[in-house]
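What follows is one structure encoded as structure tokens, with my remarks underneath.
Nothing in this text is a laboratory measurement; each read-out follows from the coordinates by a stated rule. Please read these numbers as outputs of a predicted model, since none were measured by experiment. All Cβ positions, glycine included, derive from the backbone under ideal geometry; neighbour counts span all protein chains shown.
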Amino acid sequence: MPRHDVRPGKLTAGFFLALTGVLYLGDAGGAWKTPWFIAFPLVIAGLCLAGAVAFLNHAIRGHRVSRRANGQGGPEAGGVGEPGGPERATGKPGRKAEDIRPPDAGVQG
């Protein structure tokens, strides 16, 4: 199974949104009474906390993730290939900048 990056900011936001949903689900089922305005502070606090957690995650681990996204580090680090290769010029592996024709290059006018 391929590994994936852990995103604690998204986990935190999802937790607070799920908590808000569970509170209103319990209210709809008659288990307890939930005031109508409780969703606003829960969602806003959850999103603010998720932003802070995501910022800390980027501050602690961000340099490792951004290195993989740039294609550095080779295939074992999740990179695309050699930095500065053809995929860097065009964004697609195997195509060079010289092979790309402008949209109006074939039109004689």
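Data table
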{"read-out": "Bins of 10 Å, starting at 0 and running to the largest distance - Cα pair percent for the stretch 1-71", "value": "19, 34, 24, 15, 7, 0"}
{"read-out": "For peptides 21-34, 46-59, sequence by mean Cβ density within 10 Å, most packed first", "value": "46-59, 21-34"}
{"read-out": "Local net charge near GLY51, Cβ-Cβ under 15 Å (Lys/Arg +1, Asp/Glu -1)", "value": "+2"}
{"read-out": "Test item: Cα-centred dipole of the stretch 1-71, Lys/Arg +1 and Asp/Glu -1 on Cβ, debye", "value": "480 debye"}
